[in-house]
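The values are calculated or read from the model by the stated rules, or taken from the named source; none is laboratory data. No experiment lies behind these values; they were computed from the predicted model shown. In this analysis, Cβ positions are derived from the backbone assuming ideal geometry, glycine residues included, and neighbour counts consider all displayed protein chains. Calculation scope for accessible area: heavy atoms of the full protein, side chains included, ligands and nucleic acids excluded. Shrake-Rupley method; radii C 1.70, N 1.55, O 1.52, S 1.80 Å.
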Amino acid sequence: ATPEVTIDKTGDDLSKVGDEVVYNITVENTSVGSPPLECTVTDETLDYESDPFVLNTGESWDSGPIPYTVPDGAEGSVENTAEVDCTFVGDTVVVASDSDGHSVELFEPAFSVTKTGDETSKVGDEVCYDITLSNDSSANTPALTCTAEDDLLGPVFSGVLPLGDTALDPICRTVQSDDPNPLINTVTLSC
């Protein structure tokens with residue numbers, strides 16, 4: 001009789017700090033001619049421990065979804081390993097065990113906006129504004145869909161913002177007689 005088990009841990013491949021990652025763990029009794037095994041699964045990173053379960057040869061156990069929130073300060077990737085230890089039913093000596101790790105690559109979204117324009121002007125003159133949208137995310141970040149809206153000029157951008165700087169064409173507006181002095185306006189980028 002050869003008691004043997006295999007464990008398989010799956011989960012999301014890409015995530016970011018603050019997001020929930022969902023893992024799933026399966027265990028299969030791959031023994032040959034062995035009595036049933038009583039097993040427990042643990043995963044230290046996920047702070048997870050299953051209730052004991054019994055598997056006959058050829059049977060499988062599934063954890064169901066195990067949620068985990070990527071903690072503040074995590075960088076690069078989240079590495080974690082699930083382990084299964086099994087005994088014969090009613091015994092305490094581990095006769096079969098296995099482990100399987102999983103890695104979640106972390107991305108870091110980041111974006112910014114700059115706006116410049118004429119410092120002085122007068123009613124009836126045209127003032128032109130230069131707006132640059134910047135996608136400063138890590139290279140593995142999924143595409144950012146963004147909108148930029150200016151409280152004076154209205155919507156100025158909507159769509160996928162590529163990595164790096166995107167300079168918009170200058171946007172010009174004629175100064176109106178009822179404009180406040182000074183004429184303050186702000187562009188807001190949301191992704």
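Here the Karplus curve 6.51 cos²θ - 1.76 cosθ + 1.60, taken at θ = phi - 60°, turns the phi angles of region 139-146 into couplings of 4, 8, 6, x, 3, 9, 9, 10 Hz, with x standing for Gly and Pro.
Ranked by the mean number of other Cβ atoms within 10 Å of their residues, highest first, the peptides 5-17, 155-167 come out as 5-17, 155-167. Cross-link partners for residue 16 among the aspartates and glutamates, with Cα-Cα distance under 16 Å and sequence neighbours closer than 8 places in the same chain left out: 72, 75, 79, 105, 108, 136. Net charge in the neighbourhood of residue 136 (other residues with Cβ under 11 Å of its Cβ; Lys, Arg +1, Asp, Glu -1) is -2. Cross-link partners of residue 122 among aspartates and glutamates, defined as those whose alpha carbon lies under 15 angstrom from its own and excluding same-chain residues fewer than eight positions apart: 178, 179.
For region 1-135, a simple Cβ point-charge model (Lys and Arg +1, Asp and Glu -1, everything else neutral) yields a dipole of about 180 debye relative to the Cα centre. Coupling constants for region 178-191 follow from the phi torsions by the Karplus curve (6.51 cos²θ - 1.76 cosθ + 1.60, θ = phi - 60°), and in residue order they are 9, 5, x, 10, x, 8, 9, 8, 10, 9, 10, 9, 10, 10 Hz; glycine and proline get x. The spread of Cα positions in region 81-191, taken along each principal axis and listed from longest to shortest, comes to 90, 23, 20 Å. Peptides 26-35, 172-181, 136-145, ordered by how many other C-beta atoms sit within 10 Å of their residues on average, highest first, read 26-35, 136-145, 172-181. Other residues with beta-carbon under 15 Å from the beta-carbon of residue 72 carry, at +1 per Lys or Arg and -1 per Asp or Glu, a net charge of -3. Placing pseudo-labels 7 Å out from each Cα toward the beta carbon at residue 191 and residue 51 gives an inter-label distance of 4.6 nm. Seen from residue 189, the other residues with C-beta closer than 12 Å to its C-beta sum to a net charge of -2, counting Lys and Arg as +1 and Asp and Glu as -1. The orientation-averaged projection of the convex hull spanning the C-alpha atoms of the chain amounts to 14.7 square nanometres. Taking only protein heavy atoms and a 1.4 Å probe, what accessible area per residue, in Å², does region 1-157 have with all protein chains in place? Dividing the accessible area of region 1-157 by its residue count gives 54 Å².
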